[in-house]
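This report concerns only the one structure given below.
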Amino acid sequence: MSSHRYVAKYDDEDYQEYGEYEQPKDPRRPYEDVESYEPYEPFEDDVETEDPRAGRGVRRVLSGAGGLILTPVALGLLSWGGLRQQMLIQATLSTQRDVLSISLLAGGGILLLAVGLLGALSATGPILGGLVWGVAPGVAAAAVPEWGFRLMKYLPQNDVTYGVTSWLFIGGLLGTGFLLVGAGLASRLARRRR
């Protein structure tokens, strides 16, 4: 093996062409030789970030009011349509169809569906509607039936009242109330998992 070392030779022209070797600049002061240096100013975004809780109160109020208003209407339609169906089919052993009772049942079912869908806004609507118009009267009528009869005295005596009385004492209101409360709780739990 040869012990000869290669030494590169540079012409003076190369040295003059590239200039002298510049010393590295101090990294703490990278712009000290720049005349028009302006200090960095943080960018302020004009767009305000929205608080996710900002519209929560409005949604709760809308959902709660919808649940309290739509639930008794839905239960009234269902109980009235159910009473008409019962009187026509069971009492008379008739196989005729009553368009009004079918329409009442469908309308009541759609309104209950709407109350359940209010859970998309807030769980307050289904929970309030279910507790106030289903669970509370159902539990009261099961525990103290006299309260149910006293309550019915204050309502107008018509087919809707008779239908609601029937639903109350057979547990229909109680079951519907628990279903609405369950729908509200399910929507709340699903929202928390996101």
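Since every read-out is calculated from the coordinates, none of them should be taken as a lab result. Every value quoted in this text rests on a predicted model; they were computed, and no experiment measured them. Cβ: placed from backbone, ideal geometry, glycine included. Neighbour counts: every protein chain shown.
Computed from point charges on the beta carbon alone (+1 for Lys and Arg, -1 for Asp and Glu), the dipole magnitude for region 68-194 about its Cα centre is near 600 Debye. Amide H contacts of G171: none lie under 5 Å away among residues 5 or more positions distant or on a separate chain (H built 1.01 Å from N in the peptide plane; Pro and chain starts excluded).
Taking Cβ atoms as reference points and 14 Å as the exclusive limit, the residues near L128 contribute a net charge of +3, counting Lys and Arg as +1 and Asp and Glu as -1. For region 49-194, the equivalent ellipsoid built from the Cα gyration tensor has semi-axes of 32, 18, 12 Å, listed from largest to smallest.
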